[in-house]
Amino acid sequence: MFRADVTYDNVFLLFLDASGYSSIVGRNPRDRAAYAFDLLRTRVTARVLGVAERHGCARAELWSWRGDGGFLIVHDDDESVARDVVLEAARTILMEDLPRLREELDKAEFRGGLHVRIAVHKGPIRVPVERENGSIHSPDVNFGAHLEEVAPADRLVVSGGVYRVSGPFAELFERVGDFEGHEVYLMRSADDAEDGRRVWLRTAGLAGAVGVHAYPQRPSQRDKARLVETAAGEVVDLGTALNTCASLLVTTERPAVYRDAVLGFLRRGGTYRCVLLDPSSEVVALLTTLRGEDLAAKIDGSLAKFARFKERHGPSADRLEVYRTVAFTGMAALCSDPGTSRGLILYSPYLLGAHPTGFTVDRADMPHYLAGPEAGRLHQTLSDVVAHVTAPERLERVL
């Protein structure tokens, strides 16, 4: 076994996690889901330790397992021995153990398919003196965990460091890209004719990606209300006509979730700035042609609704400000505290079809994205666009 307070070079790290955990838990009784994950842990551990014993590997251990996945560490003074153990075990888990486990779970009336992601990386590991919670503080452990998170389901992905010493296993892998500064290789699947590079791109995306949350259509008023409720000082609502926002503020339907959220924000001292297009601008005339709708009339209708909202709620609505502009961003955006380090931006680029071809995409059916500071440069670009369009010299206040 591994000894505490000792540094081992060329330790192979095998990370495995069940793909679709939330779906499995949601479709099965708690005890049945736990049974499936316990079986997965038992079979994975038995496979790795069994292969290690057969190869005479000095050290192999399940270091951590939490719920639906974990990682094992394997080491031998002969690096090729540890390599053979990890790659043979990982391949056998996918080709033999996982199919058998699925058969057993089917007999136990388990609902939903069990799929796994497996990643292998290698690096030096110093085993801590205190081993509670299965913690090893190592950049290689962190990278291996990240690599497993983007691994395609039911496929084995390895880092360039592992591939370069893969020896007889090398022909089983193909280079599919880069991830966090490492080359990435995917093991070919005998029953999958799809190009591994395509599989990797579908799962991990292109290099340099940042994190955003994507939605196939406009989020519900309840979800948008949650965004407004996060704001501490300012909300900016930017669009062409803001018809949806204006309608939600004067709706007679109950519950009026979005209106209540806006009123609550205004009463807390927040400022809600609505920015829509000037109905007399050239861009409105162009969009009217492209969309095949009377956009100027739609904007006028929104202004009337905003006025009705302010009249109905009196002083509580004083900090709702409505502006028009001739600047066109090509997107709609709802921003919570824009320009701050905590700002959130829900945005939707306009998908424009050329009228009168008959092809149009309704605004509610356009994809929406939520970006926070974690999105780095993307978030900064969006913030800059919003700041540019809402600069005082580009706005005319109308309410």
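In table form, for the structure just shown:
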quantity	calculated
Dipole-positive endmost among A90, G70, L105 within the stretch 5-134 (Cβ charges, Cα centre)	L105
In degrees, nearest ten, helix 282-291 long axis to first principal axis of the chain (Cα)	60
Relative contact order, percent, the stretch 201-355 [alpha-carbon distance under 8 Å, six or more residues apart]	29
Length-normalised contact order for the chain - Cα pairs under 8 Å, 6+ apart - percent	14
Cα-based radius of gyration of the stretch 164-263 once divided by 2.2 N^0.38 Å, which approximates compact folds	1.86
P(r) of the stretch 88-233 over all Cα-Cα pairs, binned every 10 Å from zero, in whole percent	9, 29, 27, 23, 10, 2, 0
Vicinal HN-Hα couplings computed from phi for the stretch 343-348 (Karplus, 6.51 cos²θ - 1.76 cosθ + 1.60; Hz; Gly/Pro x)	x, 10, 10, 9, 10, 9
Accessible area in the full protein assembly, largest first, 1.4 Å probe, for Y272, Y369	Y369, Y272
Span from the the stretch 151-191 Cα centroid across to the the stretch 27-70 one, whole angstrom	22
Built amide H within the under 5 Å cut-off of V398, gap 5+	V322, Y323, R324
Solvent accessible area, Å² - T252, 1.4 Å probe, full protein context	120
Two-decimal ratio, the stretch 1-86, of alpha-carbon radius of gyration to 2.2 N^0.38 Å	1.25
Given charges at Cβ of Lys, Arg, Asp, Glu: the chain dipole, positive-most of G161, A209, L352	L352
Value at 222 nm in deg cm²/dmol, rounded to 500, when DSSP H runs of n ≥ 4 in the chain each add -39,500 (n - 2.57)	-11500 deg cm²/dmol
For the stretch 220-369, share of DSSP beta bridges that run antiparallel, in % to the nearest 5	50
Long-range HN-HN contacts of S19 with modeled amide H, under 5 Å	H115, V116, R117
Sulfur and carbon atoms: percent of accessible area, the chain [1.4 Å]	49
The chain: Cα Rg divided by the 2.2 N^0.38 Å rule of thumb	1.29
Inter-part distance where the stretch 208-263 and the stretch 280-351 are each reduced to a Cα centre, Å	12
Tail weight of P(r) past 24 Å, computed on alpha-carbon pairs of the stretch 235-335, percent	22
Cα gyration tensor shape of the stretch 111-183, rounded if a/c is under 1.5, else prolate or oblate by comparing a/b with b/c	oblate
Relative counts (whole %) of C-alpha pair distances in the stretch 301-399, using bins that are 5 Å wide	2, 11, 17, 17, 19, 18, 11, 4, 1, 0
Check: the stretch 145-236 dipole with +1 on Lys, Arg Cβ and -1 on Asp, Glu Cβ, in debye	320
Candidates per trypsin sites (Lys or Arg not before Pro) in the stretch 1-101, loop by DSSP, up to 10 other Cβ within 10 Å	R3
Kirkwood-type radius of the stretch 25-142, with distances r between different C-alpha atoms, in Å	15.5
The stretch 6-105: relative contact order in percent, alpha carbon pairs under 8 Å with at least 6 residues between	35
Cα-centre dipole for the chain with unit charges at Cβ (Lys and Arg positive, Asp and Glu negative), debye to 20	1400
Top positive-direction residue, dipole computed over the stretch 284-332 with Cβ charges, set G314, F328, S302	G314
GluC sites (Glu not before Pro) restricted to the stretch 72-110 and DSSP loop, no more than 13 other C-beta within 10 Å	E109
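The values are calculated or read from the model by the stated rules, or taken from the named source; none is laboratory data. Quick caveat, the model's predicted, so the values are computed rather than measured. Positions of Cβ are backbone-derived with ideal geometry, glycine not excepted, and every protein chain shown enters the neighbour counts. Just the protein is used for accessible areas: all its heavy atoms, side chains included, with ligands, DNA and RNA removed. Shrake-Rupley method; radii C 1.70, N 1.55, O 1.52, S 1.80 Å.
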